[in-house]
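**Q** Sharing a structure with you now.
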Amino acid sequence: MLISYRKNLDRITFLSVMSFSVLPVLATIYQALAYGFSLQCLAIVISTQIMFIMDTVELNLRFYSQQAAYEKARYEAEHDGMTGLLNKKAGWKHMRKYFDRMDSHDEAMLMFVDIDDFKIINDTYGHTVGDFWIREVASQLRHIYRQDDIICRYGGDEFIVLIRNTASEQVLETTLGMFFQQLTRASEQRGQDVHCSVGVCRVAAIRISGNRDTSRNTDGENGEDTRGGVDFGQCVKQADLALYETKRFNKGTFNVYNYDRS
């Protein structure tokens, strides 16, 4: 237990606690070899070892409680209480980190998912039903997309999904098809007309010509382009515009904008 929590203890504390156990044992072994056993010394050593074990167990429990409290606080700070998804701040942080590391060979798809006419759902069926559909949409998104993808609740009835390492239209159509089908099935089972609109910004990899690509950033040594020039804020705006267009002209479907890296 001491070794496992070594990083939580400063050097002096660690050595002093270890000496409390090690030195009496070494002294007892030496005395037994040199002079024979002494029942009094043996009893003292056994008593100190019992004290050591009890103190160490208590120390372990305290460290475990502190670690558990820290993990709980961090989880609550990063996750939405209703859905268990990342909240906007944490999701934004992870997504921006991914975009900052993208180069010209990387690709991704950023999606805005919005429950259509959510105010009407709340007014018609009540806020309890509205909360159910927020959790239901979150559950379906978590089920369909991979653990490597980033899903967060943007706020209210809106979610953002970052599908990493692919810009395949087939993947997009297949996963969103599954999402719409499952949502329709759940809606029919409850006898409620609930559907979602989706806006997508698709960031495709830049095609390479010869030994160079056509992105605009260079590594500063040989002039060869190494980054894809993806602006996270711009990608978010395009996904939002795609969602706006979907909700305006064809609710319950999706619309795709292709991000221009040039």
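**Q** Which angle from 0 to 90°, rounded to the nearest 10, does the C-alpha axis of helix 127-144 make with the longest principal axis of the chain?
**A** So the inclination is approximately 80 degrees.
**Q** Mind checking the angle between helix 11-34 and the chain's longest principal axis? C-alpha axes, 0 to 90 degrees, to the nearest 10.
**A** Helix 11-34 sits roughly 40 degrees off the main axis of the chain.
**Q** Assign unit charges at the C-beta atoms only (+1 for Lys and Arg, -1 for Asp and Glu), then state the dipole size of the chain relative to its Cα centre in Debye, rounded to the nearest 20.
**A** Numbers: 30 positive and 34 negative charges, 115 e Å.
My answer is approximately 560 debye.
**Q** Right, something else. If I histogram all Cα-Cα distances within the chain using bins 5 Å wide from 0, what percent of pairs lands in each bin?
**A** Pairs per bin, as whole percents: 1, 5, 10, 12, 11, 9, 7, 6, 6, 6, 6, 5, 5, 4, 3, 3, 1, 0, 0, 0.
**Q** Once label points are set 7 Å from the Cα along Cα→Cβ at both LEU42 and SER16, what is their separation, rounded to one decimal in nm?
**A** Here the modelled spin labels are 3.2 nm apart.
**Q** When the accessible area of the chain is computed with all protein chains present and a 1.4 Å probe, what percentage of it is carbon and sulfur?
**A** Values: 8470 of 15920 Å².
The nonpolar share, carbon plus sulfur, comes to 53 percent.
**Q** Can I ask one more? Once you list every other residue whose beta carbon is under 12 Å from the beta carbon of SER187, what net charge do they have if Lys and Arg are +1 and Asp and Glu are -1? It would help to have the intermediate numbers written out before the result.
**A** Numbers: positive: ARG185, ARG190; negative: ASP116, GLU136, GLU188, ASP193.
Overall, the nearby charge balance is -2.
**Q** Then there is this: Hey, got a sec? Which trypsin sites (Lys or Arg not before Pro) in the stretch 20-109 land in a DSSP loop and have at most 12 other Cβ atoms within 10 Å? Numbers along the way, then the final one.
**A** Values: sites: ARG62, LYS72, ARG74, LYS88, LYS89, LYS93, ARG96, LYS97, ARG101; in loops: ARG101.
Qualifying residues, ordered by number: ARG101.
**Q** Nearest 500 deg cm²/dmol is fine: what mean residue ellipticity at 222 nm does the chain get from its DSSP H runs of n ≥ 4 alone, each adding -39,500 (n - 2.57), divided by its residue count?
**A** Counting only the DSSP helices, I get -19000 deg cm²/dmol.
**Q** Relative to the longest principal axis of the chain, what angle (0 to 90°, nearest 10) does the C-alpha long axis of helix 39-78 take?
**A** Roughly 10 degrees between the two axes.
**Q** Rolling a 1.4 angstrom probe over the protein heavy atoms, how many square angstrom per residue are accessible across the chain?
**A** On a per-residue basis, the chain sits at 61 Å².
**Q** A further question on this structure: Of the peptides 8-15, 170-177, 232-239, how do they stack up when ordered by the mean number of other Cβ atoms within 10 Å, highest first?
**A** By packing density, highest mean first, the sequence is 232-239, 170-177, 8-15.
**Q** So which lysines can LYS89 reach, going by Cα to Cα under 28 Å and dropping same-chain residues fewer than 8 places off?
**A** The reachable lysines, counting only those whose Cα sits under 28 Å from LYS89, are LYS72, LYS97, LYS119, LYS237, LYS247, LYS251.
**Q** Which residue fluctuates the most in the chain, going by a Gaussian network model with Cα springs under 10 Å, if the choices are ASP157, ASP123, ASP149?
**A** ASP123
**Q** While we're here: Can you bin the stretch 27-105 into rounded, prolate or oblate? Criterion: square roots of the alpha carbon gyration tensor eigenvalues sorted a ≥ b ≥ c, rounded for a/c under 1.5, prolate for a/b above b/c, oblate for the rest.
**A** Details: a/c = 9.77, a/b = 3.03, b/c = 3.22.
Cα axes put the stretch 27-105 in the oblate bin.
**Q** How big is the charge dipole of the stretch 1-126 about its Cα centre, in debye rounded to the nearest 20, if each Lys and Arg gets +1 on its Cβ and each Asp and Glu gets -1 on its Cβ? The partial results should precede the final answer.
**A** Numbers: 13 positive and 15 negative charges, 143 e Å.
Rounded to the nearest 20 debye, it is 680 debye.
The values are calculated or read from the model by the stated rules, or taken from the named source; none is laboratory data. All values reported here derive from a predicted model rather than from experimental measurement. Every residue, glycine as well, gets a Cβ built from its backbone with ideal geometry; the counts of neighbours run over all protein chains shown. Only protein heavy atoms, including side chains, enter the accessible area calculation; ligands, DNA and RNA are left aside. Shrake-Rupley method; radii C 1.70, N 1.55, O 1.52, S 1.80 Å.
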